[in-house]
Each structure stands twice: as C-alpha cells, then as structure tokens.
Amino acid sequence: MRRDEKGRARESSLHWPDITRDLDGYGNVVLPRILTAEECRVVAAMYKDPSAFRSRVVMGRHGFGQGEYQYFKYPLPRVIADLRAALYARLAPLANAWNEALGIETRYSANHSEFLERCHAAGQVRPTPLLLQYGAGDYNCLHQDLYGEQVFPIQVAILLSKPDIDFTGGEFVLTEQRPRMQSRPEVVPLRQGDGVAFAVHHRPIKGTRGVYRVQLRHGLSRLRSGRRHTVGIIFHDAT
C-alpha cells in the first residue's frame, strides 16, 4: 500500500458521525492517531530542512508568543497534502451547515482543489500548512488563523511529539466567547499522532432565541520542558 493510500485508509477508519457531532457541539474534537509515530518523526525532522518551507516566523518578534514556525511551500509533503485533501472532504459538510445556520452565503465544494482555485482567484496563493517548534518557556498567544477573504471555518493541528517524554506542559488551549458571557476555556489532551479539529474563528450555537455566533481563539500554554513539534493543517491559502 502506498503512503497516500495509508493516509486515506487511516482517515476513513475514523467514526465521522461521532466526530461531526462533537465538533458541532463543542467546537473541537480529537482525531485519534491520524499520523503514525514514524510519520510524526519524519515530519518533525523536516523542520531542519529549509528547502521544504517558504518562510520562517520567530513569534517573539511579532508579539505572537514565544517559539517559531515555518510555512511549507508547494508542493506540500505528500503526507500533509493527502491529509489536507482527505480531511477537507470530511469537514466540508459541517462547514456548509455552519454557514447556513449563520446566514453566510459561502458554500464549500466537496473537492479541496476546487476550493483552492477559489482562494487563488482571490489572490490567496501561498500555502498555509505549517510546522511549529516550541522549547522550554515557549507559548502561543490566543489567536485566529485568518489569511484573507476566503476562509474555511475548520482547521486541524496534529501533535508530533510525545507528551511527558519529549516535553511537559504545552497544552493546546481553546477559548469560546459567547455574547454577554465570559469566555469558556478548554484544554484538549493529545497523544503523539493525534489531531484536533476546531473552529477557526466562529461557529453557530443554538440558544433559546435561535442561533447565535460565538467567537473562538486557540493557543498553547507554556512549555515546561523539552521540545514540542506540531503540524497545522489550514485549508485556505494566504495572500
């Protein structure tokens, strides 16, 4: 079996009705073991290869936190490209349902390449999948990954390192701001190879007076020790 076939087989083995229900209900859901330990090691090791990336960001220089990340360039590594296409196809129906509930006219085709054509036509031509690296004391401020007018409302982050072995601390954190209420925090526990799918910036919530919009942000708590690598899969491209 080729690597791309393995990736599709692993993605298709997940129980998507439960995943969709929890993502819709809570704004995030764990995707267990969508990368093998070996794939995690291979992808993390790419960080040292500048030829794989289009740009590098040192977070402290921009007030984003502490740590650094690099954006992959096209063509993406095969394992990342395969997961990006396969996960998009699974998430597009919920993305459409969210937009319909919020009264947003934008709809997403089932094929990721067609959505990328829309991004590129809008001038968003730079790939957004990225590889993040954190050391002791590093953290990521709460933020939203928006890169232009075209936005797919769900994204995925995959932990490449082993908690409590490669690093301690460094928990994935989400906050949700509901109208006239204080923010609700959530910490998402992950194992090596686990992904977390979550809302990019907003999602609909059903209330007693109908549907309303809640705002979400995500980040990373302070790394206590070691080194942590994460790959982020964002489905829209950047200007």
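Where Lys and Arg each count +1 and Asp and Glu each count -1, what net charge lies around ARG56 among other residues with Cβ under 13 Å from its Cβ? Once all neighbours under 13 Å are counted, the net charge is +2. In µm²/s, what is D for the range 146-239 at 37 °C and 0.692 mPa s, where D = kT/(6 pi eta Rh) by Stokes-Einstein and Rh is the Kirkwood radius from Cα pairs? My calculation gives 221 µm²/s for D.
Annotation: peptides 42-53, 216-227, ranked by per-residue average of other Cβ atoms within 10 Å with the highest first, follow the order 216-227, 42-53. Sequence-distant contacts, meaning Cα pairs under 8 Å at least 6 residues apart, place the relative contact order of the range 64-112 at 34 percent. When only Cα pairs below 8 angstrom with a gap of at least 6 residues are kept, the range 100-239 shows a relative contact order of 43 percent.
For the chain, the spread of Cα coordinates along the three principal axes comes to 50, 40, 35 Å, biggest extent given first.
Between ALA121 and GLN177, the simple spin-label model (points 7 angstrom out along Cα→Cβ) gives 3.3 nm.
Nonpolar atom fraction for the chain, defined as the carbon and sulfur part of the 1.4 Å probe accessible area, stands at 51 percent. Please find the FRET efficiency linking THR168 to LEU142, where r is the Cβ-Cβ separation and R0 is fixed at 25 Å, and quote it to the nearest 0.05. Given R0 = 25 Å and the Cβ-Cβ separation, E is 0.75. A helix-only calculation puts the chain at -8500 deg cm²/dmol for mean residue ellipticity at 222 nm, using -39500 (n - 2.57) for each DSSP H run of at least four residues, averaged over all residues.
Extending 7 Å from Cα along the Cβ direction at TYR212 and again at SER225 yields two label points whose distance is 4.5 nm. With semi-axes defined as the square roots of five times the eigenvalues of the C-alpha gyration tensor, the equivalent ellipsoid of the range 76-168 measures 28, 16, 14 Å, largest first. A 1.4 Å probe run over the chain, with the rest of the protein chains in place, finds 48 Å² accessible per residue. Computed across the range 34-101, the Kirkwood radius stands at 14.4 Å (inverse of mean 1/r, all Cα pairs). Each residue of the range 59-64 is assigned a 3J(HN,Hα), and the resulting list reads 5, x, 6, 10, x, 7 Hz, derived from the Karplus form 6.51 cos²θ - 1.76 cosθ + 1.60 (θ = phi - 60°), x at Gly and Pro.
The values are calculated or read from the model by the stated rules, or taken from the named source; none is laboratory data. These numbers come from a predicted model, not from an experiment. We place every Cβ from the backbone using ideal geometry, glycine too, and count neighbours over all the protein chains shown. Areas reflect the complete protein model, heavy atoms only, side chains present, ligands, DNA and RNA absent. Shrake-Rupley method; radii C 1.70, N 1.55, O 1.52, S 1.80 Å.
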